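What follows is a set of notes on a single structure, which appears directly below.
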Amino acid sequence: MTISKILIANRGEIALRVLRACKELGIATVAVHSTADADAMHVRLADESVCIGPPPSRDSYLNIHQIVAACEITGADAVHPGYGFLSENAKFADILDAHGITFIGPTAEHIRLMGDKITAKKTAVELGIPVVPGSAGEVLPENAMEIARQIGFPVLIKATAGGGGRGMKVAKNETELEEAVSTARSEALAAFGNDAVYMEKYLGHPRHIEVQVVGDGEGNAIHLGERDCSLQRRHQKVWEEANSPALNVEQRMKIGQICADAMKKMKYRGAGTIEFLYENGEFYFIEMNTRLQVEHPITEAITGIDLVHEQIRVASGGGLSVTQDEITFSGHAIECRINAEDPRTFVPSPGTITHFHAPGGLGVRVDSGAYAGYKIPPYYDSLIGKLIVHGRTRVECMMRLRRVLDEFVVDGIKTTLPLFQDLVANQDIANGDYDIHWLEDYLARTAP
Ligand code: MV4
């Protein structure tokens, strides 16, 4: 089916990102917004806009009825959910389907499959993706000790409805196990309404490396290499790079091929990200995200492929625009997440931006809805922009990033820009020598 008008069920920089792709494809756009976002750039740049409710997300950007009504009113024939909000909501995909509206993303079935972490892991095993050694499925308190002894300590208890680090508990030894299982279960119940947990070998110093895939839903799929997202704090990514400084080209093509083959087997449709922990040269699947990710532009920078174009193509049955053989990886890209936050404590800093000047020049991309005079509302996440820098080599990329950070002006609020100035000058970062704990250790070590 052809898509002629897309409603973008999101806000901020990602709403702009999707708008740009629609415009390039000659597709009309509808923005939706809360009353707090009436002055937002995504509303100004869309062909039409609909106010869908008051500031709290649950009443606006998460309000399925309002979004479906906005589609009916404007005649939108498809919805792009961006990331977050309704992007991995299988019920939303089902409801759109029932209304004859195209959800730009995977099938509701595939969203559900990957949303349950035990089913996701079982699926990964069946598809030939390497996983972390662990329990075969759910772990009950009465079986926990036997399973933990088989796996070997330390072990990690995870919520099957979890993800993004919520509801995880480490048990270093037998003494700690009972309490770890019971707290993981009660935290899982409180957070997700489901107390099911599973168990894995705990990896102490991994990197977080994820593979970008796109499938057409008919058995064709490609990979676009990996991103290294190890630099994070409290499960919020801060700095991402492509390629990973830890991999060579053989490792990249091997894990990429494994992921693309898996997506072919499951007839996956849309963009997806397969997340791994990487330690001592081995990959261990942890989760799959069935959406476009915040950090997708670094993959676009090194491949030249527009991932939102591909998402729209496969959603409308038009197939992928490239084959695996046609994809080449060129140079190195780094993304810095510019948040309206204190650069050391990460406490949000909403308010009015008094001056705004984005850097430019070769190899520079700024995805942001911010402008001078824009008032950042306190209701949503604090990401106000992404700085993406591309160079022919990692060294060139780092030198360029240093130059570009000096040009970026955001006044009136606190931002994470000063943190990036510290990181770009750091020797471990220059060497690519970091794991998932590096940033938190660095912040503790250098605290005033
Ligand atoms: C792990 C792990 C160590 N061993 N699994 C955290 C988020 C969730 N997606 C998976 N997570 C982890 N799973 C095993 N078997 C360490 C983490 C983890 C982590 C992973 C990716 C990025 C940042 C992280 C921060 C702390 C812990």
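The values are calculated or read from the model by the stated rules, or taken from the named source; none is laboratory data. Please read all numbers here as calculations on a predicted model, not as lab measurements. Neighbour counts are summed over all protein chains in view; Cβ atoms, including those assigned to glycine, are modelled from backbone coordinates with ideal geometry.
Looking only at region 164-202, residues that are in a loop (DSSP other than H, G, I, E, B) and either more than 9 Å from the ligand (Cβ to nearest atom) or surrounded by fewer than 16 Cβ atoms within 10 Å (Cβ to Cβ) (or both) come to 9 in all.
Whenever a residue of region 217-235 is touching a residue at least 40 places away in the same chain (Cβ under 8 Å) and at positive phi, its partners that are of a type in the set (D, E, K, R) and near the ligand (Cβ under 9 Å from one of its atoms), lying with C-beta atoms within less than 9 angstrom and at least six residues away or across chains, give the pairs Arg234/Glu440; His235/Arg166.
The set of residues in region 377-398 that are part of a loop (DSSP other than H, G, I, E, B) and either of a type in the set (Gly, Ala, Ser) or without any contact (Cβ under 8 Å) to a residue 24 or more places away in the chain (or both) contains only Ser382. Number of residues in region 28-60 that are of a type in the set (A, V, I, L, M) and touching a helix residue (DSSP H, G or I) at 6+ places or on another chain (Cβ under 7 Å) equals 9. Among the residues of region 366-388, those that are under 14 Å from Pro350 (Cβ atoms) and either modelled with pLDDT under 95 or of a type in the set (Phe, Trp, Tyr) (or both) comprise Tyr374, Tyr379, Tyr380. In summary, Ser60 fulfils each of the numbered conditions (1) under 23 Å from the mean Cα position of the chain (by Cα); (2) under 30 Å from Ile209 (Cβ atoms); (3) surrounded by 21 or more Cβ atoms within 10 Å (Cβ to Cβ); (4) of a type in the set (Gly, Ala, Ser) with the single exception of condition (2).
What about Leu247, is it within 16 Å of the ligand (Cβ to nearest atom) and modelled with pLDDT of 95 or more? Considered against the rule, which asks whether it is within 16 Å of the ligand (Cβ to nearest atom) and modelled with pLDDT of 95 or more, Leu247 comes out as no. In the condition set (1) within 24 Å of the chain's Cα centre (by Cα); (2) touching a residue at least 60 places away in the same chain (Cβ under 8 Å); (3) part of a loop (DSSP other than H, G, I, E, B), Ala161 is compliant with all but (2). Taking region 128-138 as the range and being over 22 Å from the mean Cα position of the chain (by Cα) and either surrounded by 18 or more Cβ atoms within 10 Å (Cβ to Cβ) or closer than 24 Å to Val18 by Cα (or both) as the test, the residues that pass are Gly134, Ser135.
Within the bounds of region 139-153, is there any residue that is part of a strand (DSSP E or B) and either within 27 Å of the chain's Cα centre (by Cα) or away from the ligand (no atom under 16 Å from the Cβ) (or both)? No, every residue in region 139-153 fails to be part of a strand (DSSP E or B) and either within 27 Å of the chain's Cα centre (by Cα) or away from the ligand (no atom under 16 Å from the Cβ) (or both).
For region 304-314, the criterion of being within 16 Å of the ligand (Cβ to nearest atom) and either part of a helix (DSSP H, G or I) or among the hydrophobic types (A, V, I, L, M, F, W, C) (or both) is met by none of the residues. His205 meets the conditions (1) assigned to a strand (DSSP E or B); (2) near the ligand (Cβ under 10 Å from one of its atoms) in every case but one. The failed one is (1). Exactly one residue out of Ile14, Ile27, Ile6 is closer than 13 Å to Val308 by Cα and either of a type in the set (Phe, Trp, Tyr) or touching a Cys at 6+ places or on another chain (Cβ under 6 Å) (or both): that is Ile6.
Only residues that are within 16 Å of the ligand (Cβ to nearest atom) and under 29 Å from Lys23 (Cα atoms) were counted across region 275-303, and they come to 6.
Of all residue pairs spaced 6 or more apart or on separate chains, none has beta-carbon atoms under 6 Å together with a first member in region 94-117 that is within 15 Å of Arg313 (Cα to Cα) and surrounded by fewer than 18 Cβ atoms within 10 Å (Cβ to Cβ) and a second member that is among the charged types (D, E, K, R) and at pLDDT below 95.
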